[in-house]
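Please read the structure below before turning to the comments.
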Amino acid sequence: MTKDRVLVVEDDAQTTEFLAAGLAVEKFEVMNAQDLSNSYQTILGSPPNIILANYQLPDGTVIDLLAWLKAHDITIPVIVLGAQTTFELAIEVVKNGAEHFIPKPVDLGFLTSVLHRSLENFRNLKMTLANRMERARYERDPFIGDSPAIAELRKAASRVREANSTVLIQGETGTGKGVLARWLHKTGPRFKEAFVDLNCAGLSHELLESEIFGHLKGAFTGAVVNKIGFLDAANHGTLFLDEIGDMDLQLQPKILKVVEEKQFYRLGDVRERKADVQIIAASHRVLKTLAEDGKFRSDLYFRICALPLRIPSLRERMEDIPIITDKLLEQFSWDMKRGPLRISDCARSALQQYPWPGNIRELRNVLERAALLSDDGVIRKTGLEFELPSHQESTRNPPMVDLTLKQMEIRYILQVLESEGGHVTQAAKRLGMPRSSLYAKLQEHGIHNATLPLTERHQSRPLSSPQIRRQHCSNPAPVRENVG
């Protein structure tokens, strides 16, 4: 078993000899320094586990030693010995970073117990910090990148996080809506409370209602015991309703009651319960369009969209792909217990040519698979396996190098229109231009009958996003300059 090293900084030879002999009996390895200068050299050359220092030294005081340790970012517990014992002196050394102040003459038994306790506390502290660092590696950052789109999201999210109101996060599948929701909770006023995550997609009306609100025994067939719901589990904390756009219309009024009145009923119960929760909702679908089409309750939509956040797709911030790639590879190298992972220039170029329909989730999967199959830690273009079939990729998103500037503009306008459900006003805002200018662009490129908001439809039935896609993307040849 390795001995703990104690550095004794003491200029009195008799005290040094006494401490060295006593600590050696207690299985400590003792190092000596007569002044501050020698102690600095010893610490840099062979760092001790703990320092035992006299307050007054020939070239200064222990306050100087504590300041030197802090300036050099060295964390070692320090116990101070003092011939002159005053309450004010003890307070001074502890305020400057010492663990304990022990008066002279020293009781060796008491000193030994203090040393052991200080070392144990210090090891526990280091273990706690290490665990926090380990957890931090797996806590994903929703704002990786330097693009204007991600900078705008970071700014908007920073404004929203201190609010206690319902938040709506919208974005395509795989953009990281759940990551952003967890960040909002962790940095918000309820960070000490529970974060409960429920995906509304794929659950029947009955099952989802039971999961959210809970039920009493006998409330329905199969309810053999009482069950608390996610609202109870998230009490005082945050309830994240992912893919709320897929929630059954019959259930939405009950969610509205929770948002407006902070109250709910368990299934089969007549007693009203309080719901002190912040609701964060998310959807990859455009809820405004769903509400206009009668597929989502308008009153619920207007209540949950008071604080909206939109996560840009990866296609809208392609310049962030190298940064995201490096972050993911750094994490994979830790997870796979191997050396640093590298990526070739050709592979980087291929990543930036691909349209990423699955966004960051797909990028993560592609890189992780390539890293696992790499023998030498280098990810090459040949090791990248994309999910999108090659013929579909060339049909919907021909390589940028094969397009003219006007064709690239057409493609981007269509992508933004589709992601906004065909709403010209919202698309114009995304594109950073007046609505009239976007109309002019649409007319110039022959893009007609885009889905418009109700005030812009003029009683005509618009084309849906898939129809827009079929009209402009079905031909594998490059997009024509005049589609009309």
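Tell me the relative contact order for the chain as a rounded percent, counting alpha carbon contacts under 8 Å between residues six or more apart.
On the way: 712 pairs, mean separation 49.4, N = 484.
Worked out over the chain, it gives 10 percent.
With viscosity set to 0.890 mPa s at 25 °C, what whole-number translational diffusion coefficient in µm²/s follows for the range 314-388 from Stokes-Einstein and a Kirkwood radius over Cα pairs? Estimated via Stokes-Einstein, D reaches 201 µm²/s. Once the Cα atoms are used to define both axes, helix 435-444 deviates from the longest principal axis of the chain by about 60 degrees. Of all DSSP bridge pairs formed entirely within the chain, close to 15 percent run antiparallel.
When the helices in the chain are scored as -39500 (n - 2.57) per DSSP H run of 4 or longer and the sum is shared across all residues, what 222 nm value do you end up with, to the nearest 500 deg cm²/dmol? Working shown, then result.
Values: 20 runs with 220 residues, N = 484.
Helix-only estimate at 222 nm: -14000 deg cm²/dmol.
Inter-part distance, the range 220-245 to the range 270-324, computed on C-alpha centroids, equals 19 Å. The phi-based Karplus calculation (6.51 cos²θ - 1.76 cosθ + 1.60; θ = phi - 60°) puts the 3J(HN,Hα) values of the range 110-116 at 5, 4, 4, 5, 5, 4, 4 Hz, whole numbers, x for Gly and Pro. Think of the chain as a dipole: +1 on every Lys or Arg Cβ, -1 on every Asp or Glu Cβ, centred on the Cα centre; then among PRO322, VAL93, LEU108, PRO322 lies furthest on the positive end.
So which GluC sites (Glu not before Pro) in the range 168-249 pass both tests, a DSSP loop state and at most 14 other Cβ atoms within 10 Å of the Cβ?
On the way: sites: GLU172, GLU193, GLU206, GLU209, GLU211, GLU243; in loops: GLU172, GLU193, GLU243.
Sparse-neighbourhood loop GluC sites (Glu not before Pro): none present.
Could you state the angle between the C-alpha long axis of helix 405-419 and the longest principal axis of the C-alpha atoms of the chain, as a value from 0 to 90 degrees rounded to the nearest 10? So the inclination is approximately 80 degrees.
Residues whose amide H lies under 5 Å from that of VAL8, counting only those 5 or more places away or on a different chain, are MET31, ASN32, ALA33, LEU52; hydrogens are built 1.01 Å from N in the peptide plane.
Inter-label distance, GLN14 to GLU261: 8.4 nm, where each label sits 7 Å from its Cα along the C-beta direction.
In the chain, Rg over Rh equals 1.14, where Rg is the alpha-carbon radius of gyration and Rh the Kirkwood radius from pairwise Cα distances. Charge dipole of the range 1-122 (Cα centre as origin; +1 on each Lys and Arg Cβ, -1 on each Asp and Glu Cβ, all else neutral): 300 debye, rounded to the nearest 20.
For THR2 and GLN56, the FRET efficiency from 1/(1 + (r/R0)^6), where r spans their Cβ atoms and R0 equals 41 Å, is about 0.80. Spin-label model, ARG117 to ASP248: label points 7 Å out along the Cα-to-beta-carbon direction sit 6.1 nm apart.
Just to check I understand the Karplus step: with θ = phi - 60° and J = 6.51 cos²θ - 1.76 cosθ + 1.60, what whole-Hz values come out for the range 9-21, glycine and proline as x? 3J(HN,Hα) across the range 9-21, in whole Hz: 9, 8, 8, 8, 4, 5, 5, 4, 5, 4, 5, 4, 5.
For the range 1-50, which trypsin sites (Lys or Arg not before Pro) pass both filters: DSSP loop (anything but H, G, I, E, B) and at most 10 other C-beta atoms within 10 Å? Don't skip to the answer; put the middle values down first.
Working: sites: LYS3, ARG5, LYS27; in loops: LYS3, LYS27.
The qualifying sites are LYS27.
Using a simple charge model, +1 on the beta-carbon of Lys and Arg, -1 on the beta-carbon of Asp and Glu, nothing else, what dipole does the range 314-388 show about its Cα centre, in debye to the nearest 20? If you can, show how the numbers build up before the last one.
Numbers: 12 positive and 13 negative charges, 13 e Å.
So the magnitude is around 60 debye.
Look at the dipole of the chain built from charges on Cβ: of LEU7, GLY377, PHE28, the Cα furthest out on the positive end belongs to GLY377.
Think of the range 266-390 as having a plus end and a minus end, set by charges on the Cβ of Lys, Arg, Asp and Glu; of LEU309, LEU290, PHE332, LEU290 sits farthest toward the positive end of this dipole.
Going from the fewest other Cβ atoms within 10 Å to the most, the residues TYR265, TYR354, TYR412 appear in the order TYR412, TYR265, TYR354. For the range 156-310, the share of alpha carbon pairs falling in successive 10 Å distance bins from zero is 11, 42, 35, 11, 1 percent.
For a protection proxy built on the mean count of beta-carbon atoms within 10 angstrom, sort 76-83, 90-97 highest first, please. Numbers along the way, then the final one.
Details: 76-83: 19.5, 90-97: 15.6.
Peptide ranking by packing, descending: 76-83, 90-97.
Axis of helix 252-261 versus longest Cα principal axis of the chain: the two differ by about 50°, to the nearest ten degrees.
Listed values for the range 224-233 are Karplus-derived 3J(HN,Hα) couplings in whole Hz (6.51 cos²θ - 1.76 cosθ + 1.60, θ = phi - 60°), namely 8, 9, 5, 9, 7, x, 5, 5, 5, 5, and x replaces Gly and Pro.
FYI, it's all coordinate maths here, none of it is from the lab. Bear in mind the structure is a predicted one, so any value in this text is a computation, not a measurement. So basically every Cβ, Gly included, is an ideal-geometry build from the backbone, and we count neighbours across all protein chains shown.
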